[in-house]
Amino acid sequence: MEDSLYLSGCPSDTCFTSTGDLREEDSFKILIASDIHLGFCDNNPARENDSFVTFEEILQVGRDENVDFVLLGGDLFHENKPKPATLQRAIEILRKYCLGNKPVEFEYLGDPSVDFPNQDEPEVNFMNPDINIAMPVFTIHGNHDDPVGTKKTSAVDHLVAAKLLNHFGQWDDLNEINVKAVPFIKGNTKLALFGLGNLKDERLYRLIRDNHVKFIRPKETNNEWFNIFVLHQNRAAHGPKNYIPESFIPYFFDLAIWGHEHECRIDPEPTTGEGNTYIIQPGSPVATSLCPGEAREKHVGILSLNKRRFKLQKRKLETVRPMMLADFDLRDILPTLVIGKDKELAQAVEAYIESEVEKLIEDAAELHTGNPLQPTEPLVRVRIFHENNPETFQQVRFAQKFTGRIVNEDIVMFKKAPSTRTGTTQMDFGDMENEFRQRDKGPDLDSHVEAIVETFFKNARENGDSENILEILSERGLSEAVKASVEKDDKEAISLVVDQQLEAVCRSLIRKEVTDEDFEEQLENFRKERLSKPEEDGQDAFNLLRSRPTKKSNRRDDDSGGEIEDDEEDEEPFIEDFDDEDDDDDQRSIVRPAPRGKTASKSRANGASSSRGRGGRGRGKNISNDDSDSPGAVRGGRGSRSRGGPTSSRGRGRGGKKADAVSPAGRMVQTTLNVHIRKSPRKGGMVFDVSDSD
């Protein structure tokens, strides 16, 4: 165990013994950790166990230190919909270390219906008479295991239902947030534990700034309580409002446990704001990205507190996979190499980098702790900055030279030096890569990738770069979608937000009854109106991604024994190309398909009209107020196919039931927008709905 650090929250020394130790009978002893990311790399056999091995080590430290409870700062799981195998292993580990006959030596004084609301029978688990909890675990949710769906269920709530941990810091109102203390007492020490699960940094920034976040303290004498605040937000500034300044932490907190940031800064640091508040940033014990902040030593903290004093002892984790990082600039290397033709140049660079990687492997061996559970194959990342392509070599072939010695395959990353531009010089997507290169020096690229995307398109707009201006989509909405795609591996996020924004554009244009002559003008007006309310636009995208029903995964889980079907009732809307062989016009109808059953009837029948449909049930949506029939493409619910008759209309419904017609204004908007879209990002067509209702 490493040196202890004593910190004072009040002048009294009555909580210490004559030897300087805290009085054990009156003192809380808490294990502090965060960002475990259980299930990270669960599709990589070489790394799938890393998070579980280290999580088990953390709980073993807690047992060895005889802590009162474990306090986590969010992101216990890497995904908000973890695989069944991940949940199973999490349950097994928690049962192994948290159950037992050891009595819990502190008391809970609060109201479980307020402190732990997301349960049918709210309770703190160690007070349940039917289960023996020896080491309770308390956690807030992070941005990876955040609540989803209409019932706002987090992945950690599965463990709550199994009575293996306690989920606090939940919120249900995004306009007024009340953070109530979870009160505990042990001897003469009173602990008020405040928690706030992750929400958008910009929203939380605005809420705190405008005094819409209230901290409800215990009614008893306030200076008798030791106050801890657990949060999971950006600490480093990734934009003017895309983080939470330390000065925002209220003065009365003695300690803040800061989750989300992966760099381990376990030693308490004083805040820059008022009061005598200290921050502990545990960091992540599992490297989820190859960046300098992740390469620092990983620790957990043992927090001892008595009345208003505390001390922290840090414990280095022994099962963390070694990581080595190095940067090379070819402008510095090339003068030392003997080079000839382009091919020889690339070979010379490859040989040089290979020798440097060998040195990194040797250095990584020095990080082995001797713990038999520690992975021995290191993570290695070499970034090579270059100016010309002839200097590069084949990265996959290079990685194969280190098979069995380095665990990751993306060992080498080539980066071009950032281009310099002035005035209104046009940008390209290489400039976005340069933005990533510059910001990749920070602690966690994932935490600010959305800011990079938004900045790129914002600069394009301000510089008049017509090639990269977003004409239909919004910068803030797209950045939210990219964030969800990167952080949560949400493969549908971008297409869903695109759908939502296309719907909004079409509804606006149709309501204004645009014509061919004023289409461009009205579209520009819509863009200006949306740019005037960027936060509202971003929140719409955020709410869409957060509140949609949880869909079953269609990926195959090697441990589940089979394929899991998609929930087809949650099917998303789309544009379908109505190029029926009987139609003379190449028209597209912008509609939302109805839900379908698991199978579709394929029978055909002759009828008075020629309608085509697929699937079980539902009706199409009329996208205008025009009730007159139209010879254009029409659509109903999905149903059996039928043919016949002089009219070539396509519908989806039982018997190809006919839907309301598309108005001329609606058809014009559809056709003109499709010219703007040009290329669909989805197989089978872009997917969105346009109805007159909001």
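The values are calculated or read from the model by the stated rules, or taken from the named source; none is laboratory data. Please read all numbers here as calculations on a predicted model, not as lab measurements. Because the Cβ atoms are built from the backbone with ideal geometry, glycine has one as well, and the counts that use them run over all protein chains shown.
A count restricted to segment 180-199 and to residues that are crowded, with 21+ Cβ neighbours inside 10 Å and under 24 Å from the mean Cα position of the chain (by Cα) stands at 5. Comparison of L174, L164 shows that the only residue that is assigned to a loop (DSSP other than H, G, I, E, B) and buried (at least 19 other Cβ atoms within 10 Å of the Cβ) is L164.
Between D499, D489, the distinction of being under 27 Å from the mean Cα position of the chain (by Cα), modelled with pLDDT of 75 or more and outside the structural domain of E261 (by TED's automatic domain parsing) belongs to D499 only. As for segment 240-261, it holds at least one residue that is over 21 Å from G197 (Cβ atoms), in a loop (DSSP other than H, G, I, E, B), modelled with pLDDT under 90 and under 23 Å from the mean Cα position of the chain (by Cα).
Each row is one residue, and each column tells you yes or no for (1) farther than 13 Å from L165 by Cα; (2) surrounded by fewer than 13 Cβ atoms within 10 Å (Cβ to Cβ).
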residue: E105; (1), (2): yes, no
residue: L109; (1), (2): yes, no
residue: Q119; (1), (2): no, no
residue: N125; (1), (2): no, no
residue: D130; (1), (2): yes, yes
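Screening segment 143-169 for residues that are within 13 Å of A90 (Cα to Cα) and of a type outside the set (A, V, I, L, M, F, W, C) and picking the one that is farthest from the chain's Cα centre (by Cα) gives K163.
Just to be sure before I move on: is K298 buried (at least 19 other Cβ atoms within 10 Å of the Cβ), in contact with a Ser or Thr (Cβ under 7 Å, 6 or more places away or on another chain) and not hydroxyl-bearing (S, T, Y) in the structure I sent? So K298 does not fit the description; no. Filter segment 13-35 for residues that are small (G, A, S) and surrounded by fewer than 16 Cβ atoms within 10 Å (Cβ to Cβ); which is modelled with the lowest pLDDT? So, considering only residues that are small (G, A, S) and surrounded by fewer than 16 Cβ atoms within 10 Å (Cβ to Cβ), the one modelled with the lowest pLDDT is S18. Consider segment 94-121 and keep the residues that are acidic (D, E) and under 28 Å from the mean Cα position of the chain (by Cα). The one that is farthest from D68 (Cα to Cα) is D120. Looking only at residues in segment 86-108 that are touching a Lys or Arg at 6+ places or on another chain (Cβ under 9 Å) and aromatic (F, W, Y), the one that is farthest from E56 (Cα to Cα) is F106.
Residues in segment 99-139 that are modelled with pLDDT of 95 or more and within 19 Å of P82 (Cβ to Cβ): 2 in all.
Results for (1) assigned by TED's automatic domain parsing to the domain that holds I279; (2) β-branched (V, I, T); (3) closer than 30 Å to F28 by Cα; (4) in contact with a Gly (Cβ under 6 Å, 6 or more places away or on another chain), shown as yes or no for each residue.
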position: I302; (1), (2), (3), (4): yes, yes, yes, no
position: L312; (1), (2), (3), (4): yes, no, yes, yes
position: V349; (1), (2), (3), (4): no, yes, no, no
position: E358; (1), (2), (3), (4): no, no, no, no
position: E362; (1), (2), (3), (4): no, no, no, no
position: E387; (1), (2), (3), (4): no, no, no, no
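Pick from segment 354-385 the residues that are surrounded by fewer than 20 Cβ atoms within 10 Å (Cβ to Cβ) and over 30 Å from F52 (Cβ atoms): which of them is modelled with the lowest pLDDT? Here the residue is F385.
Evaluating D329 against the criteria (1) closer than 30 Å to F456 by Cβ; (2) surrounded by fewer than 16 Cβ atoms within 10 Å (Cβ to Cβ); (3) more than 33 Å from the chain's Cα centre (by Cα) leaves one unmet condition, (3). Here is the figure for segment 291-311: residues that are aliphatic (A, V, I, L, M) and at pLDDT 95 or above total 3.
Test V179 against the stated conditions and say whether it is under 25 Å from I36 (Cα atoms), at pLDDT below 95 and in a strand (DSSP E or B). Yes, satisfied.
One residue stands out among those in segment 132-161 that are polar (S, T, N, Q) and not in a loop (DSSP other than H, G, I, E, B): the one that is surrounded by the fewest Cβ atoms within 10 Å (Cβ to Cβ), which is T153.
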